[in-house]
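Visitor: Mind having a look at this structure? Questions to follow.
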Amino acid sequence: MGAMRIGYPCINRTLGCVGARTLRLRSYSFPRLEEVMASNLDCLETMLHWNVDHGLRFFRITSDLIPLASHPEVRPPWQERIGERLSKIGRWVSEQGVRIDMHPGQYTVLNAKEDRIVSNALLDLAYHCDVLDLMGLDRSAKIQIHVGGVYGDRAASMDRFVSAAQRLPKRIRARLVVENDERGFPLADCLGLSRRIGIPVVFDAYHHSLFNRGEPLREALATAEETWGSEDGIPIVDYSSPAPGGRFGRHAETLDDRHFKRFLAQSVPHDFDLMLEIKDKELSALRAAALAGDDVRLIT
DNA sequence: AATGGTCAAGTCAGC
DNA sequence: GCTGACTTGACCATT
């Protein structure tokens, strides 16, 4: 079994640098964008080095790396300005065995009914893909999205997702992975979409615990795993636990060690990279890495 | 310097 | 039809 890489999304609070500085539309100018991009890249590099120094070899790059990059009214020519720098970072990352992924937010809806929304989603996916392509990363560097809205008709909404995904340029489809969510499309639906489109499923264990069709964790991990081809890298799994006393779907502030150990024990023998979607980010990731390193997975 | 309202964007529930 | 929640950090106008 390969070693599980553990990661966290976008932000390192220990370092305190800001890797997601942004711009308002009103304050947009290309020179300002250049300044913000450079500053975000500085922070990205700092975080990546910190991660490697601390044994964390999985990281989600923020969608805000290049502010307004995919805004249809702005479309700044950012690629030529930072392409070389991204490629340098990407080369280093690859040498270090670090895996990267990205996760467009809730506003990127591939299965929307309105054409305008879909075409904006396409622009946004192209932006994410540009970042990973310019970094020179192989196709195990994924872009994960949710299916989108249900619009009162699950089947039709899944059909729209399929046809939009099938129209994507090859380079984007090669990076696209679909993730089960906690209210619209559970794992079973994502597996169906995966079969139709030929893209892997990112299994989100927390969402699955909140919304499922009765599949036990082991079975869920196994079926999601089958959707990953050899070029896709080992599967990506997202993990969190409920915030005590929080509303439905809220993510924990910090790692629940016992919950996590139970998860690890149940995940044997599946091999995957694990993204910890927990609010205190790198602190929980470090603790999780320590727990995972202690052969917790062998003590079932 | 500190504060608090606002922000590119979409969906859904509740009125 | 409209508003606020979602979730959340950072911007930026105001003090």
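The values are calculated or read from the model by the stated rules, or taken from the named source; none is laboratory data. This one's a predicted model, so the numbers in the text were calculated from it and none came from an experiment. Positions of Cβ are generated from backbone atoms using ideal geometry, with glycine treated the same way; all protein chains shown enter the neighbour counts.
Visitor: Name every residue in region A:135-163 that is of a type in the set (A, V, I, L, M) and either in a loop (DSSP other than H, G, I, E, B) or away from DNA strand C (no atom under 16 Å from the Cβ) (or both), in order of residue number.
Guide: Across region A:135-163, the qualifying residues are A:135, A:137, A:141, A:143, A:147, A:150, A:155, A:156, A:158, A:162.
Visitor: Looking at region A:264-292 only, could you name the residues that are within 22 Å of residue A:218 (Cβ to Cβ) and more than 19 Å from the chain's Cα centre (by Cα)?
Guide: A:264, A:265, A:266, A:267, A:268, A:269, A:270, A:291, A:292
Visitor: Here is a follow-up. Search region A:14-41 for residues being within 21 Å of the chain's Cα centre (by Cα) and in a helix (DSSP H, G or I), and hand back the single one that is farthest from DNA strand C (Cβ to nearest atom).
Guide: By that ranking, first place goes to A:41.
Visitor: I'm told residue A:74 meets every condition in (1) among the hydrophobic types (A, V, I, L, M, F, W, C); (2) at pLDDT below 95; (3) more than 16 Å from DNA strand C (Cβ to nearest atom) except one. Can you identify the failing condition by its number?
Guide: Tallying (1) among the hydrophobic types (A, V, I, L, M, F, W, C); (2) at pLDDT below 95; (3) more than 16 Å from DNA strand C (Cβ to nearest atom), residue A:74 fails exactly one: (3).
Visitor: Which condition does residue A:12 not pass, out of (1) more than 19 Å from residue A:130 (Cα to Cα); (2) in contact with a Lys or Arg (Cβ under 9 Å, 6 or more places away or on another chain); (3) surrounded by fewer than 21 Cβ atoms within 10 Å (Cβ to Cβ), if it passes all the others?
Guide: (3)
Visitor: Next question, about the same structure. Of the conditions (1) within 27 Å of residue A:217 (Cβ to Cβ); (2) buried (at least 17 other Cβ atoms within 10 Å of the Cβ); (3) of a type in the set (A, V, I, L, M), residue A:188 fails just one. Which one is it?
Guide: (2)
Listed here are the residues, each with its yes/no results for (1) more than 13 Å from DNA strand C (Cβ to nearest atom); (2) over 20 Å from the mean Cα position of the chain (by Cα); (3) surrounded by fewer than 22 Cβ atoms within 10 Å (Cβ to Cβ); (4) aromatic (Phe, Trp, Tyr).
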| residue | (1), (2), (3), (4) |
| --- | --- |
| A:204 | no, no, no, no |
| A:223 | yes, no, yes, no |
| A:242 | no, no, yes, no |
| A:248 | no, yes, yes, yes |
| A:258 | yes, yes, yes, no |
| A:262 | yes, yes, yes, no |
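Visitor: Would you call residue A:260 out of contact with any His (no Cβ under 9 Å at 6 or more places or on another chain) and away from DNA strand B (no atom under 16 Å from the Cβ)?
Guide: The answer is yes for residue A:260.
Visitor: Turning to a different aspect of this structure: So the check is Cβ under 9 Å with 6+ separation or different chains; which pairs have a first residue in region A:140-152 that's on the phi < 0 side of the Ramachandran plot and a second one that's surrounded by fewer than 17 Cβ atoms within 10 Å (Cβ to Cβ) and among the charged types (D, E, K, R)?
Guide: Between residues of region A:140-152 that are on the phi < 0 side of the Ramachandran plot and residues that are surrounded by fewer than 17 Cβ atoms within 10 Å (Cβ to Cβ) and among the charged types (D, E, K, R), the close pairs are A:140/A:231; A:149/A:113; A:150/A:183.
Visitor: Another question, if that's okay. Residue check: is residue A:132 under 26 Å from residue A:62 (Cβ atoms), in contact with a helix residue (DSSP H, G or I) (Cβ under 6 Å, 6 or more places away or on another chain) and assigned to a helix (DSSP H, G or I)?
Guide: Spelling it out, it is not the case that residue A:132 is under 26 Å from residue A:62 (Cβ atoms), in contact with a helix residue (DSSP H, G or I) (Cβ under 6 Å, 6 or more places away or on another chain) and assigned to a helix (DSSP H, G or I).
Visitor: For region A:22-52, how many residues are closer than 18 Å to residue A:103 by Cα and buried (at least 17 other Cβ atoms within 10 Å of the Cβ)?
Guide: Adding up the residues that qualify gives 5.
Visitor: Residues A:131, A:52, A:93, A:118: which one is within 9 Å of DNA strand B (Cβ to nearest atom) and either modelled with pLDDT of 95 or more or under 24 Å from residue A:25 (Cβ atoms) (or both)?
Guide: A:118
Visitor: I want to confirm something. Restricting to region A:164-178 and keeping residues that are outside any helix (DSSP H, G or I) and among the charged types (D, E, K, R), which single residue is farthest from residue A:274 (Cα to Cα)?
Guide: This residue is A:167.
Visitor: Okay, next question. Looking at A:286, A:291, which one is in contact (Cβ under 8 Å) with a residue 60 or more places away in the chain, assigned to a helix (DSSP H, G or I) and not aromatic (Phe, Trp, Tyr)?
Guide: A:286
Visitor: Is it fair to say residue A:219 is acidic (Asp, Glu), touching a Ser or Thr at 6+ places or on another chain (Cβ under 9 Å) and surrounded by fewer than 23 Cβ atoms within 10 Å (Cβ to Cβ)?
Guide: No: the conditions fail for residue A:219.
Visitor: Here are some residues: A:115, A:101. Which one is more than 15 Å from DNA strand C (Cβ to nearest atom) and more than 20 Å from the chain's Cα centre (by Cα)?
Guide: Answer to the check: A:115.
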